[in-house]
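**Student:** Got a structure for you, questions after.
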Amino acid sequence: QAGDTVELTVTNNLTSEVDTAQWVIEAIPSTVSIDTPFGCGNTITAGGVTPFQIAFTTTISPNPGAGEQVTFQNYDNGSPNGNTYTLPTDASGRVTQTYFVATIPGTIGLTATYQGTTSNLCEVSVEP
């Protein structure tokens, strides 16, 4: 894992000389992306449905597998609403959440942070 030290020992069988070298494993930077079925930044029509449901899918790449913790920040109309929480990834390295837009017209958004890397804000605006 990142931060671990790996040591290699080489012994010369002719001279019995022993050499060692150490390396510290560096982290592979992850990317964190969020999308919705409608696409981030788009405006959609609720068609009279209130509240309106929007599913956000967060993908960590490369795939870290299941159980990795991702921290989320919700946004309402462009501003953080104070609602932060942490959820685990599934086996595909994803987390999917469904949110309800209670006030229409309105904009709901999300950022996700994994191991210090934060996604771009994904927002979707909903009209009546």
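**Student:** Using a basic spin-label model with each label point 7 Å from the Cα along Cα→Cβ, how many nm lie between residue 55 and residue 92?
**Tutor:** Calculated label separation equals 0.9 nm.
**Student:** Still on this structure, please answer the following. Which whole-number value in Å² is the accessible area per residue of region 1-96, probe 1.4 Å?
**Tutor:** With all protein chains present, region 1-96 gives 65 Å² per residue.
**Student:** Here is a follow-up. If a/c stays under 1.5 just call it rounded; otherwise compare a/b with b/c (prolate if a/b is bigger, oblate if not). Do that for the chain, with a ≥ b ≥ c from the square roots of the Cα gyration tensor eigenvalues.
**Tutor:** The shape class here is prolate.
**Student:** Quick one: which residues, 5+ away or cross-chain, put their amide H under 5 Å from the amide H of residue 106? H built at 1.01 Å from N.
**Tutor:** 126
**Student:** Hey, another quick one. Where does region 11-74 land on Rg(C-alpha)/(2.2 N^0.38 Å)?
**Tutor:** 2.30
**Student:** Using 0.36 nm per residue of separation minus the Cα-Cα distance, give me the extension gain between residue 24 and residue 115 in nm, one decimal.
**Tutor:** 31.0 nm
**Student:** Could you give the length gained on full extension between residue 8 and residue 66, defined as 0.36 nm per residue of separation minus the Cα-Cα distance, in nm?
**Tutor:** The span from residue 8 to residue 66 would gain 17.8 nm if fully extended.
The values are calculated or read from the model by the stated rules, or taken from the named source; none is laboratory data. Note that the structure is a prediction, hence the values are computed from the model and not measured. Here the Cβ is made from the backbone with ideal geometry for all residues, glycine too, and neighbour counts use every protein chain on show. Surface areas here come from the heavy atoms of the whole protein model, side chains and all, with no ligands, DNA or RNA. Shrake-Rupley method; radii C 1.70, N 1.55, O 1.52, S 1.80 Å.
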